[in-house]
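Here's the structure, in structure tokens; my notes come after.
Read-outs throughout are calculated quantities, based only on the coordinates presented, and are distinct from any laboratory measurement. Model, not experiment: these values are computed from the prediction. Here the Cβ is made from the backbone with ideal geometry for all residues, glycine too, and neighbour counts use every protein chain on show.
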Amino acid sequence: MDHLLGSIVNGTGALIGALIGIGWGSRLSSDFRKQALRLMGLVVVVIGVKMALPLNDPVNTLVSLVVGAWLGSLLKIGKRLDAFGHWVERHSGRGGFMQGFVSASLIFNVGALAIVGSLQAGLTKHPTILETKAILDGVTALLLASTAGWGVALAGPVTFAYEAILSLMAGLLKGFLVGPLLNDLSVVGGILIAAIGLNFVAEKALITIADLLPALLITVILGWLKLQGITFV
């Protein structure tokens, strides 16, 4: 149970922040919420860009994004998630589910902080990184849920599940998700997060984020091959 304490705290923090944002955000004017969404988008862009720097291997990053986008389009990930989101919205009478869910899930979970924090919790049973991240995610969830909808709340349990799995697998992943591979993953994740911010600023889906999700797996595969001395340039 001690291995999972950090993931429980982090997931709970994100969930509480989202619920506060949902309850509090409805009291704000529509114009202010739109403005807040654009400002949130700008902050998310900065967070994504910071994660993506330094860009040590632009070729692997570009290949990961292009191949990932192709796979995502082939598998129709974005369309399937949109269809699921519309189904939920029709049956619940609430809008904005999928945008809030996908955006929050990526912001909370795609990055070195979530991975390193989960490994720390699993290996040492002292989840200080995830406890700190819980505060950051809670504030982010509050702001995001007040503008992007109630799907942000579901990202809390997803964050718990994701970090719990990493914590339980810490012994196996400790020697794998490190160094250049972790950097490549953070770079691609940062670009995805920056793309989320652009969508918020533009108030429309300039980039189909869900279709880019396979890029995270592709960059891990390419990074592992690179560590084995196999490159394509």
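What to note about this one:
- J(HN,Hα) series, region 178-192, from Karplus relation 6.51 cos²θ - 1.76 cosθ + 1.60, nearest Hz, glycine and proline x: 9, x, x, 5, 5, 5, 4, 5, 5, 5, 5, x, x, 5, 4
- Lys204-Lys34 pseudo-label distance in nm [points 7 Å out on the Cα-to-Cβ vector]: 1.4 nm
- Ranked by the mean number of other Cβ atoms within 10 Å per residue, highest first, peptides 13-21, 182-190 order as 13-21, 182-190.
- Using θ = phi - 60° and Karplus 6.51 cos²θ - 1.76 cosθ + 1.60, couplings along region 3-17 (whole Hz; Gly, Pro as x): 4, 9, 4, x, 5, 5, 4, 5, x, 5, x, 5, 5, 4, x
- Calculated P(r) over Cα pairs in 10 Å bins from 0, in percent (choose from [x] 7, 28, 32, 22, 10, 1; [y] 8, 35, 40, 16, 1; [z] 9, 31, 37, 20, 4, 0), label: [z]
- Entries of Lys76/Lys125; Lys204/Lys226; Lys133/Lys226; Lys79/Lys174; Lys174/Lys204 with Cα pairs more than 32 Å apart: Lys76/Lys125; Lys204/Lys226; Lys79/Lys174; Lys174/Lys204
- Dividing the summed -39500 (n - 2.57) terms of all DSSP H runs of n ≥ 4 by the residue count of the chain sets its mean residue ellipticity at 222 nm at -26500 deg cm²/dmol.
- Computed over region 149-212, the alpha-carbon pair-distance distribution with 10 angstrom bins reads 18, 34, 36, 12, 0, each value a whole percent.
- What separates the Cα centres of region 184-224 and region 121-173 is a distance of 19 Å.
- Two-decimal log10 I(q)/I(0) for region 81-196, as the Debye equation yields it once each C-alpha is a single scatterer, q = 0.20, 0.21, 0.22 Å⁻¹: -1.07, -1.14, -1.20
- Loop-located chymotrypsin sites (Phe, Trp or Tyr not before Pro) in region 1-91 whose Cβ has at most 15 other Cβ within 10 Å (DSSP): none
- The local environment of Gly41, defined by Cβ-Cβ distances under 13 Å, has a net charge of +3 under the rule Lys, Arg +1 and Asp, Glu -1.
- For the chain, the longest principal axis of the alpha carbon atoms and the long axis of helix 112-124 meet at an angle near 70°.
- Charge tally around Leu181: other residues with Cβ under 11 Å, Lys/Arg +1 each, Asp/Glu -1 each, net -1.
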